[in-house]
Amino acid sequence: MKIAKTYSHLNGEEFLLVHFPNLYDEIKEVIHSIEADNYRTKVSREKQNKGNQLLSPIELNKAFETEFHERKWQESRYNYYITLNRELMEQSLSMPAKEQKQFLKEHGEEPIYSYNQTDFVKNNIAVEVQFGKYAFVAYDLFVKHMLFYSGGVINLGIEILPTKNMQTEMSSGVAYYEGEVYNVMRQGRTSPPVPLLIIGIEP
């Protein structure tokens with residue numbers, strides 16, 4: 001596969017090029033190592049594509065997982081406690097989960113435990129490979145990467161998405177690069193408040 005397009009939000013790509021060019025090279029290696037046609041294993045049942053061999057999101061995800069893990073990119077889990085008191089939330093964000101819980105209790109809160117998980121993290125860089133529905137990508141971009149960033153777990157979030165060209169060879173409803181970049185651009189230059197690199201890939 002190849003990188004067809006990139007979008008840098010809050011200098012995400014520039015940060016990667018300056019501070020971690022070797023990791024950028026690894027991400028490119030992973031993408032180039034995957035032969036998309038090997039994962040054209042899904043037989044469409046949709047009326048407009050019935051019987052066609054489509055690219056399988058599940059199989060592609062497994063291929064990316066294998067390649068990233070071979071290069072020592074590891075899953076990361078961020079544990080935290082929920083409070084609706086904005087002041088307490090802002091004060092506790094950077095604390096470890098246990099300290100958050102204690103801090104909130106000391107201020108009369110009943111903290112609610114929660115967590116987020118990112119599949120591939122290395123040197124405080126998070127990568128999500130997303131061949132799912134639109135809602136999953138929006139959650140990655142506007143919730144997950146931001147939580148990891150504000151919690152001090154990552155310095156940059158990277159989202160790898162199919163381009164529209166590739167999406168036409170997949171099931172309907174799969175999010176695509178152009179649509180998600182448009183959604184980010186429409187929010188303004190500083191939202192979400194986390195450096196991002198969005199990568200559009202295709203066969």
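Tabulated data for the structure shown
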| quantity | calculated |
| --- | --- |
| Filter on Lys105/Lys144; Lys98/Lys122; Lys72/Lys105 - keep pairs with C-alpha separation over 27 Å | Lys72/Lys105 |
| Within the range 138-178: backbone nitrogen closer than 15 Å to the Lys5 label point (7 Å, Cα to C-beta) | 159-169, 175-178 |
| Three principal axis lengths of the chain [C-alpha, angstrom, descending] | 60, 40, 34 |
| Efficiency of FRET between Asp25 and Thr168 - r from beta-carbon atoms, R0 35 angstrom, step 0.05 | 0.75 |
| Percent accessible area from carbon and sulfur atoms, the range 1-148, protein chains only, probe 1.4 Å | 49 |
| Viscosity 0.692 mPa s, temperature 37 °C, Stokes-Einstein D of the range 62-102 from Kirkwood C-alpha radius, µm²/s | 261 |
| Charge dipole of the range 56-203 about the Cα centre (unit charges at C-beta), most positive-ward option of Tyr177, Asn116, Met89 | Met89 |
| Gained length - His69 relative to Arg186, 0.36 nm times residue gap less alpha-carbon distance | 38.7 nm |
| Fluctuation leader among Ile112, Ile160, Ile82 - the chain, Gaussian network, Cα springs under 10 angstrom | Ile112 |
| Within the range 73-161, percent of DSSP bridges classed antiparallel, to nearest 5 | 70 |
| Set of lysines near Lys42 by C-alpha distance (under 24 Å), chain-local residues within fewer than 8 positions excluded | Lys2, Lys50, Lys62, Lys133, Lys164 |
| Where the range 46-106 is the region considered: accessible area per residue in Å², 1.4 Å probe | 68 |
| When the convex hull of its Cα atoms is projected in every direction, mean area for the range 106-203 (nm²) | 8.0 |
| Of Glu35, Glu180, Glu106, the one that fluctuates the most in a GNM where the chain has Cα springs shorter than 10 Å | Glu106 |
| DSSP bridge orientation in the chain - percent antiparallel, rounded to nearest 5 | 65 |
| Full-extension gain in nm, Asn123 to Lys105, via 0.36 nm per residue minus C-alpha separation | 3.2 nm |
| Nearest-20 debye value, the range 59-121 charge dipole, Cβ charges on Lys, Arg, Asp, Glu | 140 |
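The values are calculated or read from the model by the stated rules, or taken from the named source; none is laboratory data. Here the structure is a predicted model, which is why all the values come from computation and not from measurement. Using ideal geometry, Cβ is built from the backbone for each residue, glycine included, and neighbour counts are taken over all protein chains shown. The area values use the complete protein model at the heavy-atom level, side chains included, leaving out ligands, DNA and RNA. Shrake-Rupley method; radii C 1.70, N 1.55, O 1.52, S 1.80 Å.
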